[in-house]
Amino acid sequence: MVMSTALSTQAQTTVWIVRHAEKDLKNPSDPDPVLSLDGQDRAKDLATLLRPKRVLAVYSTPFKRARQTAEPTAYGHGITVQTYDPADPAALASTVLRQHKGGSVVIVGHSNTVLELVEAFGIKRPIPALKDDDYEYVFTIAIQGDATQLQMSQYGKLKRTAVPK
């Protein structure tokens, strides 16, 4: 799915927004679980996907699962993960557009913050909500001047769908 307006000749800012990868559910009472093995694989898949890109900054919420999702990408680009407040997506969007104009940034959020982040960059939600098991989406936002473009795609291991009987 691509939503766009005409792009100008100004330098393009690219923002990749993803939800953290699969979390370890062995202890349901843990408020800050680490990534599961599948989640660790997905985090590596994200790093592989973005390896050829010129990523200048990687942002994550302070939660372990989000940081662990962001770290392989940051490490692969020789940068450190910066923490942001997930309750204030507008502040993060403003920071990204001010500090990284013309550059590329990765933001790792949560099922209840990813679409709010997309909206903070001035784009209408491409889907109503993320489900509890939606980990595979990557929202790529290209910004040039006043024009924005959104591409929604998937990465890593995709969910299996039930085979009809």
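Just checking the listed ones, LEU115, LEU49, LEU92: in the Gaussian network model of the chain with Cα springs under 10 Å, the one fluctuating most is LEU49. Amide H to amide H distances under 5 Å link LYS23 with SER36, where only residues 5 or more positions off or on other chains count and H is placed in the peptide plane.
Can you give me the C-alpha center-to-center distance between the stretch 76-116 and the stretch 133-155, rounded to a whole angstrom? After rounding, the separation between the Cα centres reads 13 Å. Could you tell me which of rounded, prolate or oblate describes the chain, using a ≥ b ≥ c as the square roots of the eigenvalues of the alpha-carbon gyration tensor, with rounded for a/c under 1.5 and, failing that, prolate when a/b is larger than b/c and oblate otherwise? Verdict is prolate for the chain.
On the beta carbon distance between ALA11 and GLN151, with R0 = 25 Å, the FRET formula returns roughly 0.85.
The residues of the stretch 1-156 present an accessible area of 50 Å² per residue when probed at 1.4 Å with all protein chains retained. Heavy-atom accessible surface of SER94, to the nearest 10 Å², is about 60 Å², with a 1.4 Å probe and all protein chains retained.
Around the amide H of GLY103, modelled in the peptide plane, lie the amide H atoms of THR14, all under 5 Å away and 5 or more residues distant in sequence or on another chain. Roughly what % of DSSP beta bridges within the chain run antiparallel, to the nearest 5? The antiparallel fraction comes to roughly 55 percent. The relative contact order of the stretch 112-156 comes to 31 percent, based on Cα pairs under 8 Å that sit 6 or more residues apart. Around the Cα centre of the chain, unit charges on the Cβ atoms of Lys, Arg, Asp and Glu (plus for the first two, minus for the last two) sum to a dipole of about 420 debye. Each of ARG51, ARG42 has its accessible area taken with a 1.4 Å probe; listed largest first, they run ARG51, ARG42. Share of carbon and sulfur in the accessible area of the chain stands at 52%, probe radius 1.4 Å. For the residues GLN99, GLN68, GLN12, a GNM of the chain with alpha-carbon springs under 10 Å puts the largest fluctuation on GLN99.
The values are calculated or read from the model by the stated rules, or taken from the named source; none is laboratory data. Please read all numbers here as calculations on a predicted model, not as lab measurements. Glycine gets a Cβ as well: all are built from the backbone with ideal geometry, and neighbour counts include every protein chain shown. Side chains are part of the model used for accessible areas, which takes the heavy atoms of the whole protein and leaves out ligands, DNA and RNA. Shrake-Rupley method; radii C 1.70, N 1.55, O 1.52, S 1.80 Å.
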